[in-house]
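Remarks on the structure that follows.
Read the figures in this text as sums done on the coordinates, not as results from a lab. Predicted, not measured: the structure shown is a model, and the values here were computed from it. All Cβ positions, glycine included, derive from the backbone under ideal geometry; neighbour counts span all protein chains shown.
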Amino acid sequence: MLKIENLSAGYGDMQVLFDINLNVEEGEVVSLVGSNGAGKTTLLRIISGFLPVKAGTISYLNQDLLKYKPQRRADLGISHIPQGRGILGTLTVKENLIMGAYPKKARKTVNTEIENAYARFPKLGERQNQMAGSLSGGEQQMLAIARALMIHPKLLMLDEPSLGLAPIVVENMFEIIAGISKQEKVSILIVEQNLMQALSVADRAYVLETGHLVMQGSARELMENKDIQKAYLGL
Ligand SMILES: Nc1ncnc2c1ncn2[C@@H]1O[C@H](COP(=O)(O)OP(=O)(O)OP(=O)(O)O)[C@@H](O)[C@H]1O
Ligand SMILES: [Mg+2]
C-alpha cells in the first residue's frame, strides 16, 4: 500500500537519506530500526508531507503521494504519531482526542470515536477531563495512539513509541500496537531504536544506518542474524 522508491532527501545541502527503497503491504507491521541520527524521523516526516524529497517516488494506494499536501495525506488515511508523542499538555485528554478528528470526514463521528477510544483505553476515559500533560508517559503514549486512531487510519506511523518509557510500560505498549494491528484494518510503520521490541511486533523490518538501508528481511530473519546480534545486542 506504501511504496518508496529510490528516495533521497535532506536539509538544505546536507543529504540525510540515500536511495531508500521501502514498502509496506496491506495489514503489515513494518519496523524501521536504526540508531540516533540515522534519518528515521526524517523519512516519516517525508511520508507525512512535512519535508520535500530531492529524488525518488512514493506511491500510496496506487497514487503519487508526493503531489499532496500534509492535510490531504491525512484525509487519505495517513496518521503520524511524532517522536515525543505530540500531544498538547495544556489541553485535556478529551480535547486532545477531539483534535485528532480534524479531517472533515472524522468530525461528524467524533463523539462515537471518543467512546471507542475510552473503550479501548479505559484509563483515558477515567482521566478525560485531566490535563494531558499530567498523564504518565505511558498514558500519554496511549493518548497519542488513541488520537491517531480517531481518523481510522489506513497507515499508522509511530516514531519511537518506546522513548522514555520504563521497560514494563514499553512491553505493554507493543502489546497494544500488536492488538491494533489484529483488530483494525491498518498497516503500521514503526520507527524504533529498541531493536528487539521493534522486531517482536513486526512482520518485516529494515535497518537504517546513516541514511542508508543496510539490511531488510522478516523479523525472524533479522532476529537470527549474527551481524544484527553483534551490532545491536552486543552478543
Ligand atoms: N530540521 C533539521 N535541520 C537540519 N538537519 C536536521 C533537521 N532535522 C534532522 N536533521 C539531521 O538529519 C539527520 C537525521 O535526523 P533524524 O531526526 O531523521 O534521525 P533519527 O534517526 O530520527 O534519530 P533519533 O533516533 O535520534 O530520533 C541528523 O543528522 C540530524 O542532525
Ligand atoms: Mg527520530
Going by average Cβ density within 10 Å per residue, which order do the peptides 148-154, 65-71, 188-194, 169-175 take, highest to lowest? 188-194, 148-154, 169-175, 65-71
Estimated vicinal HN-Hα couplings, Hz - region 6-15 in sequence order (Karplus 6.51, -1.76, 1.60; Gly, Pro = x): 6, 8, 10, 7, x, 10, x, 7, 8, 7
Column: log10 I(q)/I(0), Debye, Cα scatterers of the chain, q = 0.07, 0.08, 0.16 Å⁻¹: -0.22, -0.29, -1.16
Size of region 111-230 as Cα extents on the principal axes (Å, biggest first): 48, 29, 23
For Ser35 and Ala166, FRET efficiency with R0 = 22 Å and r from the beta-carbon atoms, rounded to 0.05? 0.55
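So, with +1 on the Cβ of K and R and -1 on the Cβ of D and E, and no other charges, what is the size of the charge dipole of region 164-235 about its Cα centre, to the nearest 20 debye? Walk me through the intermediate numbers first.
Numbers: 6 positive and 9 negative charges, 19 e Å.
In total the dipole reaches around 100 debye.
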Of all DSSP beta bridges having both residues in region 70-210, the percent classed as antiparallel (nearest 5) is 10 percent
Considering only Pro167, Val201, Pro70, whose Cα is most displaced toward the positive end of the charge dipole of the chain, charges sitting on Cβ of Lys, Arg (+1) and Asp, Glu (-1)? Pro70
Provide the packing ranking of 198-210, 117-129, i.e. peptides ordered by the mean count of other C-beta atoms within 10 Å per residue, highest first. 198-210, 117-129
Would you mind giving the three semi-axes, in whole Å and largest first, of the ellipsoid equivalent to region 104-156 according to its Cα gyration tensor? 20, 13, 9
With only Lys, Arg, Asp and Glu charged, each at its Cβ (+1 for the first two, -1 for the last two), find how big the charge dipole of the chain is about the Cα centre; round to the nearest 20 debye. 820 debye
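May I ask which of Lys154/Lys230; Lys54/Lys182; Lys40/Lys185; Lys123/Lys154; Lys54/Lys226 have a Cα-Cα span longer than 31 Å here?
Working: Lys154/Lys230 35 Å; Lys54/Lys182 36 Å; Lys40/Lys185 24 Å; Lys123/Lys154 25 Å; Lys54/Lys226 34 Å.
Pairs exceeding 31 Å: Lys154/Lys230; Lys54/Lys182; Lys54/Lys226.
I'd like the FRET efficiency for Val214 and Phe50, computed as 1/(1 + (r/R0)^6) with the beta carbon distance as r and R0 of 22 Å, rounded to 0.05.
Working: r = 25 Å, r/R0 = 1.15.
After rounding, the FRET efficiency stands at 0.30.
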FRET efficiency (Asp75, Gln130; Cβ distance; R0 35 Å; to 0.05) is 0.70
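Once you have the alpha carbon radius of gyration of region 16-61, what is it after dividing by 2.2 N^0.38 Å, with N set to its residue count? Display every interim value, and only then the final one.
On the way: Rg = 11.2 Å, N = 46, 2.2 N^0.38 = 9.4 Å.
It is 1.18.
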